[in-house]
1. Under 15 Å from a point 7 Å along the Cα-to-Cβ line of His166: which residues of the range 6-40 have their amide N that close?
2. Is any residue of the range 149-169 close enough, with backbone N under 16 Å, to a label point placed 7 angstrom from the Cα of Asp197 along the Cα-Cβ axis, and if so, which?
3. What are the GluC sites (Glu not before Pro) within the range 9-74 that DSSP puts in a loop, where the Cβ has at most 11 other Cβ atoms within 10 Å?
4. Please sort by residue number the GluC sites (Glu not before Pro) in the range 180-219 whose DSSP state is loop and whose Cβ has at most 12 other Cβ atoms within 10 Å.
5. When the accessible area of the chain is computed with all protein chains present and a 1.4 Å probe, what percentage of it is carbon and sulfur?
6. So what is the 222 nm mean residue ellipticity for the chain from helices alone, if each DSSP H run of at least 4 adds -39500 (n - 2.57) and you divide by all residues, rounding to the nearest 500 deg cm²/dmol?
7. FRET efficiency for Met131 and Ala208, Cβ-Cβ distance as r, R0 = 22 Å, nearest 0.05?
8. Between Leu11 and Asn188, 0.36 nm times their residue separation minus their Cα-Cα distance comes to what?
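The values are calculated or read from the model by the stated rules, or taken from the named source; none is laboratory data. Remember, predicted model here, so these are calculated numbers, not experimental data. Because the Cβ atoms are built from the backbone with ideal geometry, glycine has one as well, and the counts that use them run over all protein chains shown. Heavy atoms of the whole protein, side chains included, go into the accessibility calculation; ligands, DNA and RNA do not. Shrake-Rupley method; radii C 1.70, N 1.55, O 1.52, S 1.80 Å.
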Amino acid sequence: MTTPIEYGPLLDCPLLNGLSLEQKQDFLADCTLQRIEAPTDILRQGETTAVMYLILRGRVEVIYLDKQGNAAVLHVAGPGEVLGEVEGLSGTTCSSSCRTLPDAVVLAASSELLLKHIPPALLLRNSAAIMQTRLTRDNELRAIAQFFSVEERLRMYLYQFTTEKHREARLSQSYLASMVGCSRQTINKLLGDLRRDGVIELRRGVIAVVDRERLKIEV
């Protein structure tokens, strides 16, 4: 006997706003469930995609690779979020890559499946709302880069790349230095200060946030 899938956070996915509970469940049941144990690129920058992904469990890094080969983690998406819907609906190439973190569970859906279950007007409204959320997040990141001190920027980035449930950030000191705009030595010192203050713990390849509220700074 097959165990029913608990869709949990996907029932609140903004892409499905306006649908009834039964309509949401019917759509999700038609999607293809994928359990991904190891880090895997489910979307690749510069390539087209036939499907979009809804995150049921775990997290997915959104990564941009510039012309010099530098990789920037733009966002860490979590349960209830959708990725690749713009490219899937428009037929354009992916603007960034999306890489699962270990033990992720996603649902894959084609644009045809989306249009089968969601009325076009509702899909347009929901897609626009998702884009507005992403635009707001991008604007906040720009403000962080321009108007806050190095220490404040570091705190903000650590806050944004973690959640209450997922408190570990796989961000190297070299990458943080590039993101914050300072030397690796400065990042090392600031992380050491945060560790001594009991805000974070440093583990191999991972920054674990102990007291997330103390990282929060209003933008």
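1. In the range 6-40, the label zone of His166 (backbone N under 15 Å from the point 7 Å along Cα→Cβ) covers 9-10, 35-40.
2. Taking a point 7 Å out along Cα→Cβ of Asp197, the residues of the range 149-169 whose backbone N falls under 16 Å are 149-160.
3. Glu37, Glu47
4. Sparse-neighbourhood loop GluC sites (Glu not before Pro): Glu218.
5. Carbon and sulfur together cover 51 percent of it.
6. -11500 deg cm²/dmol
7. 0.10
8. Extra length available between Leu11 and Asn188 comes to 59.6 nm.
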